[in-house]
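As structure tokens, the structure follows; a few thoughts come after it.
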Amino acid sequence: MSPNLIPKTGSRTALDPQIQTFLTQNSSLQLGGTDFLAERKHHTQVFAFHNHPPILQASIDHVEFTAIRGPHGTIPIRVFYPRSGEEQKQSRDAAALIYFHGGGYTVGSVDEFENGLRILAEESGAQVYAVEYRLAPEWQFPTQLDEYLAVLEWVQGKGGAERGVNPQLVCGGGDSAGGNMTAALALRVKDGKGGRAQPMRAQILLYPEARIPFDTPAASENNSGIYLECNGIFSFADHYLPRGTPPSHRYISPGMQPISSLRDLPAAAVYTNGFDPLRDVGVEYASKLDEAGNQVVWHHFDTLPHGFLQMAPWSEKAMKATKQVGKDLGELAYGK
């Protein structure tokens with residue numbers, strides 16, 4: 001979008017009825033409640049691909065389970081190869097998306113995001129590398145960014161070369177906390193602290209936690225009862241931050257950084273939702289990136305909540321939004 005056309009806050013209309021039905025049928029499903037260990041189990045029971053009825057399982061050409069040795073130990077990686085990207089793979093010109101899932105740094109696994117990532121792969125023609133990174137609070141910042149960087153270097157290097165990936169077409173992406181880490185890694189590489197890694201082709205930010213939403217209309221409007229509990233975001237931040245690391249740290253809260261320090265970043269696609277406590281910090285970050293002169297694609301879904309990628313099988317509007325992410329990924333990666 002052109003500079004200054006992205007607002008500072010978002011809006012909401014009426015919650016998608018199919019999402020409302022899903023949330024009603026899964027009334028105990030929440031993110032950011034009082035027991036993150038129970039949430040880990042419950043999310044796997046509801047969202048894991050192997051628990052989906054076959055009719056809801058998105059198809060893919062094939063899936064590879066692999067791993068690399070990272071700075072903190074083995075990093076499991078699940079690679080989704082789309083049928084739509086076979087020609088690019090064979091010509092060694094395939095795009096790739098490294099994906100760090102959401103869950104407040106604390107909850108979640110690749111199993112829960114597989115269905116949505118299959119859709120992104122087929123819609124874009126890009127291979128998707130979903131990372132089973134180490135979770136907080138057992139592992140804190142910067143462990144996760146270290147692992148993200150290790151995977152980026154691997155996909156841009158030997159790992160991607162062996163799979164037909166063009167190292168110039170490697171994107172990073174994630175939702176919620178994963179969006180935060182993607183934005184942070186883009187800054188880290190820009191700052192010359194990315195080791196051998198080159199800048200990402202693009203950053204795909206689904207409802208990112210660009211900063212803590214303590215002062216936004218969305219934090220009040222969507223405080224509780226719509227899947228993501230706003231006040232629980234503070235607990236997740238506490239899990240992630242070591243003592244002595246301020247929340248304003250450049251690689252903790254990209255959305256708090258001045259516009260002058262956000263120039264010359266990879267193209268960004270940012271997605272925000274009306275019924276999401278992170279709505280306005282995501283809109284704000286998209287606006288800042290835009291004002292800084294970066295290429296920004298912004299989509300706002302005013303009837304959807306946080307987590308639409310996982311909820312796509314149960315909602316036509318969430319499915320449409322997920323496919324839009326895949327379409328944008330293909331355009332940004334391949335320059336279509």
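The values are calculated or read from the model by the stated rules, or taken from the named source; none is laboratory data. Being a predicted model, the structure only gives us computed values, none of them experimental. Neighbour counts run over all protein chains shown; Cβ positions are idealised from the backbone, glycine included.
Is it the case that some residue within segment 185-193 is within 15 Å of the chain's Cα centre (by Cα) and not in a loop (DSSP other than H, G, I, E, B)? Spell out how you get there, then give the answer.
Let us first name the residues in segment 185-193 that are within 15 Å of the chain's Cα centre (by Cα), namely 185-186.
Restricting the remaining residues to those that are not in a loop (DSSP other than H, G, I, E, B) gives 185-186.
The answer is yes; a qualifying residue exists.
Let's see how each residue does on (1) in a helix (DSSP H, G or I); (2) at pLDDT 95 or above; (3) under 25 Å from THR143 (Cβ atoms):
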| site | (1), (2), (3) |
| --- | --- |
| ALA58 | no, yes, no |
| THR66 | no, yes, yes |
| GLN88 | yes, yes, no |
| GLY104 | no, yes, yes |
| GLY108 | no, yes, yes |
List, please: which pairs have Cβ atoms under 7 Å, are six or more places apart or on different chains, and start with a residue in segment 302-313 that is at positive phi and end with one that is surrounded by fewer than 24 Cβ atoms within 10 Å (Cβ to Cβ)? GLY307/TYR227
With respect to ALA286, determine if the residue is touching a residue at least 60 places away in the same chain (Cβ under 8 Å), in contact with a Phe, Trp or Tyr (Cβ under 6 Å, 6 or more places away or on another chain) and of a type in the set (A, V, I, L, M, F, W, C). yes
Test set (1) under 30 Å from ARG134 (Cα atoms); (2) exposed (fewer than 13 other Cβ atoms within 10 Å of the Cβ); (3) of a type in the set (A, V, I, L, M, F, W, C) - ALA14 fails condition number: (1)
Being assigned to a strand (DSSP E or B), of a type in the set (Phe, Trp, Tyr) and within 20 Å of the chain's Cα centre (by Cα), is that true of even one residue in segment 237-256? no
When you scan segment 25-54, how many residues do you find that are over 20 Å from ALA136 (Cα atoms) and among the β-branched types (Val, Ile, Thr)? 1
Out of (1) surrounded by fewer than 23 Cβ atoms within 10 Å (Cβ to Cβ); (2) over 18 Å from the mean Cα position of the chain (by Cα); (3) of a type outside the set (A, V, I, L, M, F, W, C), the odd one out for GLY85 is which? (1)
Criterion: small (Gly, Ala, Ser), crowded, with 24+ Cβ neighbours inside 10 Å and touching a strand residue (DSSP E or B) at 6+ places or on another chain (Cβ under 6 Å) - qualifying residue of GLY178, GLY116: GLY178
Of the residues in segment 140-168, those that are crowded, with 24+ Cβ neighbours inside 10 Å and assigned to a strand (DSSP E or B) number 1
When you go through (1) closer than 16 Å to GLU64 by Cα; (2) touching a strand residue (DSSP E or B) at 6+ places or on another chain (Cβ under 6 Å); (3) among the aliphatic types (A, V, I, L, M) one by one for ALA161, which number turns out not to apply? (2)
List pairs: first residue in segment 59-81 and within 17 Å of LEU97 (Cβ to Cβ), second residue among the acidic types (Asp, Glu) and in a strand (DSSP E or B) anywhere in the structure, Cβ distance under 8 angstrom, at least six positions apart or on different chains. ARG78/GLU64; VAL79/GLU64; TYR81/GLU64
